[in-house]
Protein chains: 2
Amino acid sequence: MSTQRDYYQQLRRLIDERLATVIERDEPVSMYEPARYVLQGGGKRIRPVLVMLACEAVGGDPIQAIEAGVAVEILHNFTLVHDDIMDNADTRRNRDTVHKKWDSNVAILVGDELMGIAYKTLLNTKTDRLHELISVFTDGVIEVCEGQSYDKEFEALPSVTEEQYLMMISKKTGWLVAISAHIGAIIGSADARCTQALLSYGRHIGRAFQVQDDLLDSVAEAETFGKPVGADILEGKKTYLLVKALQCAEGEDLELLRAVASHNAKREGLATQVRALYARLGILEIAKKKIAEDTAAAIASLNALPDGNGREMLVWLADMLLDRTN
Amino acid sequence: MSTQRDYYQQLRRLIDERLATVIERDEPVSMYEPARYVLQGGGKRIRPVLVMLACEAVGGDPIQAIEAGVAVEILHNFTLVHDDIMDNADTRRNRDTVHKKWDSNVAILVGDELMGIAYKTLLNTKTDRLHELISVFTDGVIEVCEGQSYDKEFEALPSVTEEQYLMMISKKTGWLVAISAHIGAIIGSADARCTQALLSYGRHIGRAFQVQDDLLDSVAEAETFGKPVGADILEGKKTYLLVKALQCAEGEDLELLRAVASHNAKREGLATQVRALYARLGILEIAKKKIAEDTAAAIASLNALPDGNGREMLVWLADMLLDRTN
C-alpha cells in the first residue's frame, strides 16, 4: 500500500510544481497575486492525479496528461472561488477565501481569469483528439455551473427528492471527477470500451466523493477538515444526509429537519443537534453504505481495463477516497 | 452605402437568430432564463459581424464563421454581465442589468455559464486550424480579464499616463475586437500577411471604438446611449478624455479633474460640469482626432487584402463605427 501512496504523492508533487509555474505574469498585481494564492493553496489534487492515472491505465504516459490534469484542477479552483462568494464561505483549506482576503470583485475576476488559464493549459496537451478533449472539458464547465445553479435553487426549497439531489451533485461535483477519468482516457488514446469503463469509474467515485463530503460536514474534526464543520446544516444545504433524514424522521425530529431545510431553525447549537439526530436516525450508516456501494461499483468498472499499475492505482485511489478525513 | 448597411443588417439578423437558439436547455431556470435575457438584449453585434467579414475578406465563406462570431459575442456578453456587477451598473442597453434584475450570485453564475457556452459554440466551427482558433479565443479571455483588472486598479489611482490608459483599453475592449478579425482570418484560411493585416485593422478599430465610447459618455443623449450618460465621470473612470484633460488643465480646472479622478468631487452636477470643461479645453476635439486617426490606420491596414466585398465592408464598418451615437 505504501508504494501506491508514494506514487500518488509523486504525481501530486509534479502537479503542485506545475501549478506553481502555470501563471506566467505578475501584473496586474490585483489579479495575479490572488490567482497564485488560489493555486498554491494545496488540496488533494485528486482530479489531476485521476487524469494522469486514467491515461496510464489505458497504456498512455501519465506525464503526457499532466497539462490537462492541471487544467482540470484550475477549472475546479475557479469554481471554488466563485462558489465561495455565493455561499458566503470565509474559509477554505484553513485559509481565508479570496473574497474574504481581498473582495468580491477581485474574486469574480480571478475566477474568470482562472478559467482562461485552464483552457490555455489544456491546449498544451499533445493529442490528435483535440476537439474531443476540449468538448469534454467545456461540457464540464457547463455542467458544473448548472450543478451550482441547482444547488442554490434547492437551498431555497423546503425539500428535494433523493433523485433531485443525486442529479444536482452529479453535475456540481461528480462531473469534474468523471471528466478527469474521461480526459485521461482521451489523452491515452483509449478505445471506446476503456473510455466507457473510465467514465463509469469517474461517475461512481465522483458521487461517492460528494456523499463523503456531505458526511464529513457532520463527522469531521474542524482542523483536519479545513473549513467549518456543520456549515452545510447552518446553510440549509440539501445534502445527502438531510435528504435521507427527511425521508426517515418523524414527529419532532421531522419538524426540526424541516426547519433546517427551510432556514427556520434557531442557529444556536443547531449543528451539534442535527449531527446527533443524524447519528440517532442511522443516517451516517446509510451514507457510509451509499459511499461503499459507489466505490465498489467504481472499482468493478475497472474490469474492462488492461492489468497494470494504472488500473491498480485507480483501485487504490477509490479506497483511499473512502477513508479520507478531509 | 445603403447596400452595405443592408448587408450588415443581414449578417446581424443571422447572428441574432443564432443567438436565439444557442442556449438549448431550459433548466435550471435560475440560470437559463437570465442567460437568454442577456443574449437577447440586442446590441450592434459588431464583433460577430467582424468575424464574418474578416473571413469573407480573405476569400472564405462568411457563413462558415458564424459559430465563431456568435462565440465571441457570447464571450463579450459574459464580460458585460460580470463587469456590471463590479461597476455597480444598473442599466445596460436600456434594460436592468442581470445582478439588478436577479442578484449578484445569479449574475456571477450566468457569466460563468456563458463562457462555457461560448467555447461550446466555438467548437462548432469547421476548420483545420482548431488549435490556433481556440488559442486566440482563450488569449482573448485572459486579456479581457487583465484589462478589467487594470481598469479597477486605475480607478483607485489619482492619475494614470496616456500609455497606461492605452494599454488598459487595448486589453479590456480592443482585444476582443482584434481577435474577431483574427478569428475570421483563421477560419477563412488566411496566409500570414492577410492575418497580420486583419489583426492590425482589428487593433486600430478596437481602440477607436473604445475612445469613441469614452467620448459618448460625455456627449451622447441618454436615450440613444442605452446607459446613463456621464457615468464614467461619476465613477472616476480613467477614460481617454480624463487622461488628456489632466494633461491640459491648469488651476481650478486641474483641481476639479484631480478631485474627479480621486473620487473626491461633489457628485451633484458633476457630470454636466466636467462635460462642459472637456468642451472648453478642446478635449472632445482631441478625442475625435484620435478616433479618426485610428480609423484611418485601420482602413490603411486593409491594403494588404484582396479586393472584394469583404474588404469594402470592413472599410464601411470602420467608418460606421466612427459615426455611431451609441
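Just so it is clear, none of the values below were taken in a lab; they were calculated from the coordinates. The structure presented is a predicted model; accordingly, all values stated were derived computationally and were not measured. Here the Cβ positions follow ideal geometry from the backbone for every residue, glycine too, while neighbour counts run over all protein chains shown.
Using only Cα atoms and rounding to the nearest 10 degrees, what angle (0 to 90) does helix A:104-122 make with the longest principal axis of chain A?
The angle comes out at about 40 degrees.
Cα convex hull of the stretch A:166-246: mean projected area in nm², to one decimal?
Over all viewing directions, the stretch A:166-246 projects a mean Cα-hull area of 6.2 nm².
Can you tell me the 0 to 90 degree angle between the C-alpha axis of helix A:270-281 and the longest principal axis of chain A, rounded to 10?
So the helix axis and the longest Cα principal axis differ by about 90 degrees.
Using Cα atoms only, what is the angle between the long axis of helix B:130-155 and the major principal axis of chain B, expressed in degrees (0 to 90) to the nearest 10?
Approximately 10 degrees, to the nearest ten.
How much mean residue ellipticity at 222 nm does the protein assembly as shown get from its helices, if each DSSP H run of length 4 or more adds -39500 (n - 2.57) and you divide by all residues, to the nearest 500 deg cm²/dmol?
-23500 deg cm²/dmol
Give me the tail of P(r) for the stretch A:125-200 as a percent: Cα-Cα pairs with distance above 18 Å.
Counting every Cα pair in the stretch A:125-200, those more than 18 Å apart make up 47 percent.
Give me the Debye-computed log₁₀ of I(q)/I(0) at q = 0.16, 0.20, 0.21, 0.29 Å⁻¹ for the stretch B:277-326, equal point scatterers on Cα only, no solvent, two decimals.
-0.54, -0.72, -0.76, -1.07
Can you list the equivalent-ellipsoid semi-axes of the stretch B:2-323, largest first and in whole Å, using the square root of 5 times each Cα gyration tensor eigenvalue?
33, 25, 16
As an exercise, take the mean of 1/r over every pair of distinct alpha carbons in the stretch A:201-326, invert it, and state the Kirkwood radius in angstroms.
Kirkwood hydrodynamic radius for the stretch A:201-326: 15.6 Å.
How big is D, in µm² s⁻¹, for the protein assembly as shown by Stokes-Einstein at 10 °C and 1.306 mPa s if Rh is the Kirkwood radius over C-alpha pairs?
60
What dipole magnitude, in Debye to the nearest 20, does the stretch A:100-234 give about its Cα centre under +1 on Lys/Arg Cβ and -1 on Asp/Glu Cβ?
Result for the stretch A:100-234 is approximately 500 debye, rounded to the nearest 20.
Order of B:267-274, A:90-97, B:64-71, A:38-45 by packing, highest average Cβ count within 10 Å first?
B:64-71, A:38-45, A:90-97, B:267-274
Treating only the Cβ atoms of Lys and Arg (+1) and Asp and Glu (-1) as charged, compute the dipole magnitude of the stretch B:168-310 about its Cα centre; round to the nearest 20 debye.
Charge dipole of the stretch B:168-310: 320 debye, to the nearest 20.
How long are the three semi-axes of the equivalent ellipsoid of the stretch A:163-204, in whole Å, if each is the root of 5 times an eigenvalue of the C-alpha gyration tensor, listed from largest down?
Square roots of five times the eigenvalues give 22, 10, 5 Å.
May I ask you to report, in nm to one decimal and beginning with the shortest, the distances from A:A300 to the same position in the other copies, taking label points 7 Å along Cα-to-Cβ?
Result, one decimal in nm: 7.3.
Go from 0 up to the bin containing the longest alpha carbon distance in the stretch B:42-127, width 10 Å each, and give me the % of pairs per bin.
Each 10 Å bin holds this share of Cα pairs: 19, 41, 27, 13, 1.
Taking amide H positions as placed in the peptide plane 1.01 Å from N, state which residues far from B:R95 in sequence (5 or more) or on other chains have amide H under 5 Å from it.
Result for B:R95 returns nothing.
In debye, nearest 20: dipole of the stretch A:2-323 around its Cα centre with unit charges on the Cβ of K, R (+) and D, E (-)?
300
Of all the C-alpha pairs in the stretch A:105-243, what % are more than 21 Å from each other?
52
Would you mind calculating the gained length between A:R324 and A:D96 on full extension (0.36 nm times residue separation, minus the Cα-Cα distance), in nm to one decimal?
79.8 nm
What residue among A:V136, A:Q273, A:H263 has its Cα farthest toward the positive end of the dipole of chain A, where the charges are +1 on Lys, Arg and -1 on Asp, Glu, each on the Cβ?
A:Q273
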